[in-house]
1. Look through G125, G101 and report the one residue that is assigned by TED's automatic domain parsing to the domain that holds L177 and on the phi > 0 side of the Ramachandran plot.
2. Taking A256 and the conditions (1) under 28 Å from the mean Cα position of the chain (by Cα); (2) loosely packed, with under 15 Cβ neighbours inside 10 Å; (3) modelled with pLDDT under 90; (4) of a type in the set (G, A, S), which numbered condition does it fall short on, given that it satisfies the others?
3. Out of the range 127-137, which residues are at pLDDT 90 or above and not in a strand (DSSP E or B)?
4. Could you check R62 against (1) basic (K, R); (2) surrounded by 11 or more Cβ atoms within 10 Å (Cβ to Cβ); (3) modelled with pLDDT under 90; (4) not assigned by TED's automatic domain parsing to the domain that holds L211 and say which number it fails?
5. Report yes if some residue within the range 179-199 is surrounded by 18 or more Cβ atoms within 10 Å (Cβ to Cβ) and of a type in the set (F, W, Y); otherwise report no.
6. Out of the helices (runs of 4 or more DSSP H) lying entirely within the range 1-101, which hold 2 or more residues that are basic (K, R)?
7. Which one of P212, P157, P151, P226 is surrounded by 19 or more Cβ atoms within 10 Å (Cβ to Cβ), under 29 Å from R109 (Cβ atoms) and not hydrophobic (A, V, I, L, M, F, W, C)?
8. Taking interchain pairs and intrachain pairs at least six residues apart, which have beta carbon atoms under 7 angstrom, with the first residue in the range 1-22 and without any contact (Cβ under 8 Å) to a residue 60 or more places away in the chain and the second part of a helix (DSSP H, G or I) and among the basic types (K, R)?
Amino acid sequence: MDIRHLKAFIAVFEERNITSAAQRLCVAQPSLSVTIRQLEEELGVALFLRQARGVDVSEQARVLYPQAQRMVAEAEALSVSFREGRQRLVLQLGIEADIAGSQVESFLRMASTALPSLQLTLLDGCAGDARLGVESLCCEDELFLPLWDEPFVLALPSSGAPLRWITCPQQPSHQRLLGFYGDAAQDCAGTAASLQQAVQMVAAGLGQALLPQSLVEHHPGVHWRPCQGAALSRRVGLCYAAQALQLPALAQLRVALGASAD
């Protein structure tokens, strides 16, 4: 017994007519009759009673019908799941620590819209087939696909505490920000290892900081305003090694996001 036998049985059971069932299955009537006879011989029962017009169903057929429906449905569902699995585009994506949650969410929406079959696994930091990060943190041999340019803004605590600077000396942006700090950088309120930590220090009322807008614009306890003078910004996008483009998921995503960025 195979699925073909069960589909033939279901069609005849529901149509109560060999000719109509054959038309429904797009097969020749003699071929369908042979298939039904093979099923009957395998089960050792008569499933249909031939009449002058159509067929009547036996009690054994009434017992078999719901089981046959279930078996065909399970087989078709299994086939679909394997076909979808072959078509799925798998990609592991690292997320750098100082990328705002809003940007991660925006990227996920963009990626899923561009490639509905994409299956992402998110990882922390510099890991995966590619990563969502800042251009200045890309390695020398990595490629970069820009997605957003965002400004640095002045982040202020809502508590009205004394406004000394909170700095991030380990960040690539630190050298570019020294001109804004001036001599006040020598008497800073504190230092942070990451921009996310600096946001938390500002929110706690320890001081003020120059930070990417996406990190502070929705953070409770933090007010922000544009920087006066020269504009500073950072570029956020996809960092990846050239050989990673051999992965169909990354290659297709790069084309789709590159086109949308243009």
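The values are calculated or read from the model by the stated rules, or taken from the named source; none is laboratory data. Bear in mind that the values here come from a model prediction, so they are computed numbers and not experimental data. When we count neighbours, we look across all protein chains shown, and the Cβ atoms used for this are built from the backbone with ideal geometry, even at glycine.
1. Working: G101 fails: on the phi > 0 side of the Ramachandran plot.
Only one candidate qualifies: G125.
2. The number of the failed condition is (2).
3. D129, E135
4. (3)
5. No: zero hits.
6. On the way: elements: 3-15, 18-25, 29-43, 59-87.
Counting at least 2 such residues, we get 3-15, 59-87.
7. On the way: P157 fails: under 29 Å from R109 (Cβ atoms); P151 fails: surrounded by 19 or more Cβ atoms within 10 Å (Cβ to Cβ); P226 fails: surrounded by 19 or more Cβ atoms within 10 Å (Cβ to Cβ).
Matching residue, one of P212, P157, P151, P226: P212.
8. Short answer, once both residue conditions are applied: A11/R24; E15/R24.
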